[in-house]
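Working notes, beginning with the structure itself.
The values are calculated or read from the model by the stated rules, or taken from the named source; none is laboratory data. Quick caveat, the model's predicted, so the values are computed rather than measured. Neighbour counts are summed over all protein chains in view; Cβ atoms, including those assigned to glycine, are modelled from backbone coordinates with ideal geometry.
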């Protein structure tokens, strides 16, 4: 295909690679350890974070087993507390945030027509920092894992109430993964700002790249705050300071403010790239341009801005003046508007399309249906008098799992099924993918829909046992069964990946007839990604290229590139 | 295409079932879908506010999920079907942006209307007028319009709640107190000063209204007025350590006369215990080997 397009006048072959030296190809493991290729680093990211996802999933299943019945004695309280602390930390710091960096690493350069990231060695550093963060954190399993929850509220996380090194391991995880993300964010920003293919203005940037750009900016704004906050916690714990110690004039609420000033943007850091994946998948399988490109791109920016102004809605039950409560309720309401715009635009993208029910599309549709529920319950908990009843209960647990598991993770799965052919050159098994989706969808909703009711009935989160009152046992058992169905669904995708990597049918460069430039290259792409970098004339460059080829070779029935497609976007 | 269609129908049925549950269940099981209520007017008002918001949420839910489902079924790829190459529709997009904003304006208005009833304590009933006393409002602490309430201090500590009842004088050290179970008179507006001595806790009796965090170094405020005698249970809602799950609390509402007896008994018990302790101390001072 590249040869065909090279003959096009619009895609003039210009020698773009100059070899300065010839190095011997490194072999196997050494190659993976020393690589600075964005694709290999992307694969390292994706595999590592997925392993952490499975570990975090096992932790979740252990908690659900414990909660499967009232007054269960399967786990002791310290184990249970360690489990939810590690589950939350793992899923956020070691899975959702970095897997988006994994997709970003692999696909941002490809989608914008670049040959690598701007700083390849910095890119490798950011991966190894992530891995060391994970290793340091999980090493605490061998002495005393942290038990204060992923939010590490002081004074509970102070030396007095959390002895041992668990909390310190958590602090170093935040520092290491934070540095990793900061370095990566700068890299993404520079890459996207400077290395776009000729013709790719901001208005033609793929929507996934838009969200990675916003993701990078949010990381740069939010991470220094948590880095400072955990450093204060570290000095409180070991060097005699009292930043958070109320008995010495410090403030536990200071921690909560600093933590959530990072923590809420972190939510959007996790979910914005997921939005990006959905915005890429839907138009491909609906065979229709994305509806309202500008609105979707702009709403990402607006969400990021508002996302910096909503943090104290996690603190509605703390001693706070009414004006604070009202401000954060209104800002949280406002963020519902750009989020709603995205959902409406996605549905409108499907409207009047010809929807092909391939696995990525089905996961994307699952994402929309579940994220909508998370959005609606988000508005409910944003109303602070109502939140006084719902805060810190299973209702909130259900709410954020609908946004992060039903939302972000389903989008990650859509991304895995969508991009797997590009990464490995092989297709995944569709049938197994469908089964995986079905089990995940049923399992997820079985697990978390009922948790709204568990919370409304008065069960707080983070309790290792509960009394046998009302229907709590029944509801919790439904949730536990659902969790295992969900786990089985995820397992099917793991099997699918392992099988397809070796034995899947060969994909070819563009199996989905997709829209963006990564599909212009071979699958998997060569070291420098492209032989020639085409001039980009719209937001869907591959559609233009396919039309051009069909026109020039006379093979297709499609019309020549319409004037509109040259102008639009 | 057969398996795809089956999958598809299944998803449709599942979504419809979910929507059906959400739409039909309120009549059948009131508290399945709403917060606990029935103990105190503020809890009832939160419940009402929740129901209004929830109803709006159900409408949005059915609208979005219904359209999504319809779209997925109606516009699936078929022979001869051609996708419409639409890039957007500015008028439509402005329309739903304004629509979403309007819904939020409505919700904000409803919240502001409901807020005073939830946040501001109301006057005690006449039957309880003997047990309430003037309480000063300050900062975020609100008191009933007539300025009288039963003000109880709630102190959270790992892993028990301590309640200090007022005794009419200014010395807080000799007040009657109890742990775990708070006894209150029916019909009296109880205002709470919530504090913690070690880590953060959260005071919450679901049927008596929302939770308020107990944070060391701060005082948080809330109120309730129990309308009928009974026991109302709750537990600490903020992770406070290994035994967080068992840091329970309960409020027992009794007639005002019985409350006064209870306080009298507490006072007697405490002074008897103090006297016994003083006796033990005296014995030990005289002879450190004595069995106290």
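Return the pair list, or none, for Cβ contacts closer than 6 Å from residues in segment A:461-489 that are facing chain B (nearest Cβ under 9 Å) and at pLDDT below 95 to residues that are surrounded by fewer than 20 Cβ atoms within 10 Å (Cβ to Cβ) and assigned to a helix (DSSP H, G or I), at least 6 apart or on different chains.
From segment A:461-489, no pairs qualify.
When the residues of segment B:106-123 are filtered to those that are surrounded by fewer than 20 Cβ atoms within 10 Å (Cβ to Cβ) and within 7 Å of chain A (Cβ to nearest Cβ), which remaining residue is nearest to residue B:56 (Cα to Cα)?
Among them, the one singled out is B:108.
Can you tell me which residues in segment B:237-284 are within 14 Å of chain A (Cβ to nearest Cβ), in a helix (DSSP H, G or I) and surrounded by fewer than 18 Cβ atoms within 10 Å (Cβ to Cβ)?
Within segment B:237-284, just B:246 meets the criteria.
Can you report the number of residues in segment B:194-236 which are assigned to a loop (DSSP other than H, G, I, E, B) and either touching a strand residue (DSSP E or B) at 6+ places or on another chain (Cβ under 8 Å) or surrounded by fewer than 24 Cβ atoms within 10 Å (Cβ to Cβ) (or both)?
18
Among the listed residues B:59, B:64, which satisfies the condition of being assigned to a helix (DSSP H, G or I) and buried (at least 20 other Cβ atoms within 10 Å of the Cβ)?
Of the residues listed, the single one that is assigned to a helix (DSSP H, G or I) and buried (at least 20 other Cβ atoms within 10 Å of the Cβ) is B:64.
Of everything in segment A:379-398, what is within 17 Å of residue A:150 (Cα to Cα) and more than 9 Å from chain B (Cβ to nearest Cβ)? Give them in sequence order.
If the condition is that a residue be within 17 Å of residue A:150 (Cα to Cα) and more than 9 Å from chain B (Cβ to nearest Cβ), then A:394, A:396, A:397, A:398 are the ones that fit.
Could you say which residue among B:55, B:30 is over 14 Å from the mean Cα position of the chain (by Cα) and modelled with pLDDT under 95?
B:30
I need a count of the residues in segment A:400-436 that are buried (at least 24 other Cβ atoms within 10 Å of the Cβ) and either touching a strand residue (DSSP E or B) at 6+ places or on another chain (Cβ under 7 Å) or free of Cβ contacts under 8 Å to residues at least 40 places away in the same chain (or both).
The number of residues fulfilling the criteria is 0.
If a residue must be touching a helix residue (DSSP H, G or I) at 6+ places or on another chain (Cβ under 6 Å), free of Cβ contacts under 8 Å to residues at least 24 places away in the same chain and assigned to a loop (DSSP other than H, G, I, E, B), how many such residues does segment A:22-77 contain?
1
Which one of these does residue A:316 not meet: (1) part of a helix (DSSP H, G or I); (2) in contact (Cβ under 8 Å) with a residue 12 or more places away in the chain; (3) more than 7 Å from chain B (Cβ to nearest Cβ)?
(1)
Does residue A:137 fit the bill of being more than 14 Å from chain B (Cβ to nearest Cβ) and over 30 Å from residue A:392 (Cβ atoms)?
Taking the combined requirement at face value, the residue does not satisfy it.
Counting only residues that are in contact (Cβ under 8 Å) with a residue 40 or more places away in the chain and under 20 Å from residue A:307 (Cβ atoms), which one in segment A:226-238 is nearest to the other protein chains (Cβ to nearest Cβ)?
A:226
Step by step: first the residues of segment A:389-398, then only those that are surrounded by 24 or more Cβ atoms within 10 Å (Cβ to Cβ) and touching a helix residue (DSSP H, G or I) at 6+ places or on another chain (Cβ under 7 Å), then the one that is nearest to residue A:361 (Cα to Cα). Which residue is that?
It comes out as A:398.
Looking at segment B:143-167, I want the residues that are not assigned by TED's automatic domain parsing to the domain that holds residue B:264 and have a partner that is buried (at least 18 other Cβ atoms within 10 Å of the Cβ) and modelled with pLDDT of 95 or more with Cβ atoms under 9 Å, at least 6 apart or on another chain. Which pairs are those?
none
For every residue, the table says whether it meets (1) outside any loop (DSSP other than H, G, I, E, B); (2) touching a helix residue (DSSP H, G or I) at 6+ places or on another chain (Cβ under 6 Å); (3) crowded, with 24+ Cβ neighbours inside 10 Å.
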| position | (1), (2), (3) |
| --- | --- |
| A:170 | yes, no, yes |
| A:186 | yes, no, no |
| A:198 | no, no, no |
| A:208 | yes, yes, yes |
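One residue is enough: does segment A:239-255 have a residue meeting the conditions more than 11 Å from chain B (Cβ to nearest Cβ), surrounded by fewer than 24 Cβ atoms within 10 Å (Cβ to Cβ) and in a helix (DSSP H, G or I)?
Looking through segment A:239-255, none of the residues is more than 11 Å from chain B (Cβ to nearest Cβ), surrounded by fewer than 24 Cβ atoms within 10 Å (Cβ to Cβ) and in a helix (DSSP H, G or I).
Give the residue, chosen from B:52, B:94, B:86, that is over 30 Å from residue B:230 (Cα atoms) and more than 9 Å from chain A (Cβ to nearest Cβ).
B:94
Return the residues of segment A:528-569 that are part of a loop (DSSP other than H, G, I, E, B), farther than 21 Å from residue A:201 by Cα and at pLDDT 85 or above; say none if nothing qualifies.
A:528, A:531
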